[in-house]
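Please treat every number below as a calculation from the coordinates, not as lab data. Please read all numbers here as calculations on a predicted model, not as lab measurements. Here the Cβ positions follow ideal geometry from the backbone for every residue, glycine too, while neighbour counts run over all protein chains shown.
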Amino acid sequence: MSQDDFFESGFKRMASAGLRENNARAVLMAVALTPGAPGAQLARITGLGPQSVSRILVELEEAGLVLRGEVVRGQRGKPATPIHIDPNGAYCIGCEIGWRHLNVVLLDLGGAVLGEHRRDYPYPDSATIFEEIASITRLLTQLIAVDRRSNMLGMGVAVPSGIARNVQLVGAPSQVADIWKTIDVAARVATATGLEVFPYNDGNAGCWAELIAHPAPRPQNFAYLFVGTFVGAGIVAEGQLWQGPTGNSANLGSMLVTDEHGEQQFVHLIASFTALERRLKEAGMVLPSGDPTLWDWTSLEPVAGQWLEASAKALAKVIANSASASELNVAIVDGAMPRAIVAQLVERVRFYIRELPTLTNDTPDIETGRLGSRAAAYGAAMKPIYSRLFSRNFNDVMRGL
């Protein structure tokens, strides 16, 4: 397994080095991943000449993207000036329109969360949610200094791919569902906020956030599974976030597996709060409302424990099947539960995946997600920042020229 970090290609010199934008992004990525490195070190990391790096750093500083620290003296060689990312160089808002919650965050270029708003609801109301997003956006924008507000890149919006088709599954009235079927979410958010909008599937946004949060070396191939109202998912394959032609690929929750009764069932209907709600109803109990991290999970026993076991079995099968198709070496499992419950789920997934037969592939390592319910909104904010300023993908570079 390669030990190269996912983002290392972002600070290697490309063959098309004649494009100044490519080299500027390479230097900026190197600064982001090695904060405080002086110009000479950045030249070694990127493979660019010292004079080229010096010129690029001047340009990046003039653009407000990097800061020079105090000169370090007293060491061998010339005095060195540490270079850092200027967190005020860019901002982006991330918005997750979830099945049962809205989460909006404001991030700076360094990835720090400057402000956040979360609201839980029974279902996403198409009649009111866009004005709420606009109102939150206005409040969050006020957290940015007036002379820096022009550095706002826009808003990334993470939405479940089936929200228009399946919103009735979470109790939305038929008229609300009918309205969702007519809505272009990105266009509505853009109109409401006045910002450029970047649409993402919620699972892909969460997967991207986990990639960023993962310590180096970041895996080149991994699956991400998030247990919530349904199962959010994403895949990084061969160093690329696999979004597919419509941006909704890697919908692992729609994979069919055998349930505890020997029947074929979608993972969405086994390893989700929707499945837990059904189990509780059959036991004469009620799924709590509000933020799942604040539920009294002990009061849901023994049903919650039975659901957790069934969820772990289903997720283990999904991971094993996905690994056979994509050569995954890591799977990241997370959920909208208290961290202790997530830890139990991850441990049971590890147990059940070891119980499954293997043929030609090794069993992927199972890791616990680092961001919980914040992942989708965070990823929706960070992806535009990466695409606009760091990515050396041809299409991303050409948009920035």
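The slack in the chain from Asp178 to Leu67, taken as 0.36 nm per residue of separation less the alpha-carbon distance, amounts to 34.9 nm. Label sites at Ala343 and Gln265, each approximated as a point 7 angstrom past Cα along Cα to Cβ, lie 2.8 nm apart. Distance from the alpha carbon centroid of region 326-351 to that of region 230-254 works out to 17 angstrom.
Highest mean packing comes first when the peptides 37-46, 145-154, 221-230 are listed by Cβ atoms within 10 Å, giving 221-230, 37-46, 145-154.
Coordinate range of the alpha-carbon atoms in the chain per principal axis, descending: 73, 51, 38 Å. Taking θ as phi - 60° and the Karplus parameters 6.51, -1.76 and 1.60, the scalar couplings of region 262-279 work out to x, 9, 6, 8, 6, 4, 3, 9, 10, 9, 8, 5, 4, 5, 4, 4, 5, 5 Hz in sequence order, x denoting glycine and proline. Straight Cα distances below 18 angstrom link Lys317 to the aspartates and glutamates Asp259, Glu260, Glu263, Glu309, Glu327, Asp334, Glu347, Glu355, Asp362, Asp365, Glu367, with same-chain residues fewer than 8 positions distant left out.
Stokes-Einstein, applied to the Kirkwood radius of region 351-401 over Cα pairs at a viscosity of 1.002 mPa s and 20 °C, places its translational diffusion at 147 µm² s⁻¹.
What is the calculated FRET efficiency for Ala127 to Ser254, with r their C-beta to C-beta distance and R₀ = 35 Å, to the nearest 0.05? The pair Ala127/Ser254 has a calculated efficiency of 0.75. Helix 202-213 axis versus longest C-alpha principal axis of the chain: approximately 50°, rounded to the nearest ten. When you count the other C-beta atoms within 10 angstrom of each residue and take the mean per peptide, 314-321, 378-385 line up highest first as 378-385, 314-321. Counting only alpha carbon atoms, the long axis of helix 20-33 and the longest principal axis of the chain meet at about 70°. Per-residue packing, averaged as other Cβ atoms within 10 Å, sorts the ranges 260-272, 278-290 into the order 260-272, 278-290, beginning with the highest. Among the GluC sites (Glu not before Pro) in region 114-203, those located in a DSSP loop and surrounded by at most 16 other Cβ atoms within 10 Å of their own Cβ are Glu196. Once you divide the Cα radius of gyration of region 97-201 by 2.2 N^0.38 Å, the number left is 1.12.
With kT/(6 pi eta Rh) evaluated at 20 °C and eta = 1.002 mPa s, and Rh the Kirkwood radius from Cα pairs, region 215-369 diffuses with a coefficient of 135 µm²/s according to Stokes-Einstein. Full extension of the chain between Leu139 and Ala216 gives 24.2 nm of extra length, using 0.36 nm per residue less the Cα-Cα distance.
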